[in-house]
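Student: Quick one: the structure is below, and I'll ask about it shortly.
All of the numbers you see were taken from the coordinates with simple rules; none came from a lab. Everything numeric here is computed off the predicted structure, so don't read it as measured data. Using ideal geometry, Cβ is built from the backbone for each residue, glycine included, and neighbour counts are taken over all protein chains shown.
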Amino acid sequence: MSGFNFARSAAVLSATLMAGTAMAGNLNEVAVEPAPVAVPVYTDTGLGGDWNGFYGGLNLGYGDINGSGDADGDDTTYGLHAGYDYDFGRYVVGAELEYDKADIDLNGAADVDSVTRLKLRGGYDFGRTLVYATAGAAHLQTSIGDDTGSFIGAGVAYQVNDSFTVGGEVLEHRFDDIGGSGVDADATTFNLRASYNF
């Protein structure tokens, strides 16, 4: 009987020790890895357009000329333009050559035939929209002679897609002593423009 009690006691002791060992393992702190933290990532929203490169297109506009005395007149204009822009990110600079054909009668004092402009322009890139200022030299051809004057202005261009741009431009011109005639003139022009981007 004592052998049986000894075996039973040994079995109970073994079971107790094993249970204690199992319990001891459960008392240790469990290492829990922290959940990954969401880190904000900057994503380019595509608001900045790409204005780099050559472009060329057509103009359709209106010219209003106030000359010395009664030498005033206004009429439609049409022409061509070609230029190059460089995009620095948010700022764009460029140069352009523009030609407008005109047939504006200055009350019999002269007829304006055309104006050719060499432009510098700089603007801010709002994405597909570019707002810019422009200035440069303008060469005026009239029936009483030619003159080279200056102009300043502002414009806006919108990228319909990567190849096609539309926009508008307002320019103020100043010409002095056209063709040595003593006739001075201030001219305001407004052009609607359509350009193909190469």
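Student: On the principal axes of its Cα set, how long, how wide and how thick is segment 53-197? Give whole Å, largest value first.
Tutor: Extents along the principal axes, in whole Å: 47, 21, 18.
Student: Using 0.36 nm per residue of separation minus the Cα-Cα distance, give me the extension gain between F190 and A137 in nm, one decimal. It would help to have the intermediate numbers written out before the result.
Tutor: On the way: separation 53, 0.36 × 53 = 19.08 nm, distance 1.66 nm.
Gain on extension, F190 to A137, equals 17.4 nm.
Student: Pulled fully out, how much extra length does the chain show between S68 and A95, if you take 0.36 nm times their separation in residues and subtract their Cα-Cα distance?
Tutor: On the way: separation 27, 0.36 × 27 = 9.72 nm, distance 3.15 nm.
Full-extension gain reported as 6.6 nm.
Student: Now for a separate question. Of V170, V92, V112, how do they rank once you tally other Cβ atoms within 10 Å and put the fewest first?
Tutor: Details: V170 15, V92 22, V112 27.
Placing the least packed residue first, the sequence is V170, V92, V112.
Student: Something else now. With 10 Å bins from zero, work out the P(r) of segment 86-131 over every alpha carbon pair and list the percent per bin.
Tutor: 23, 30, 23, 18, 7
Student: FRET efficiency for D113 and D50, Cβ-Cβ distance as r, R0 = 30 Å, nearest 0.05?
Tutor: Numbers: r = 38 Å, r/R0 = 1.25.
Plugging the Cβ-Cβ distance into 1/(1 + (r/R0)^6) gives 0.20.
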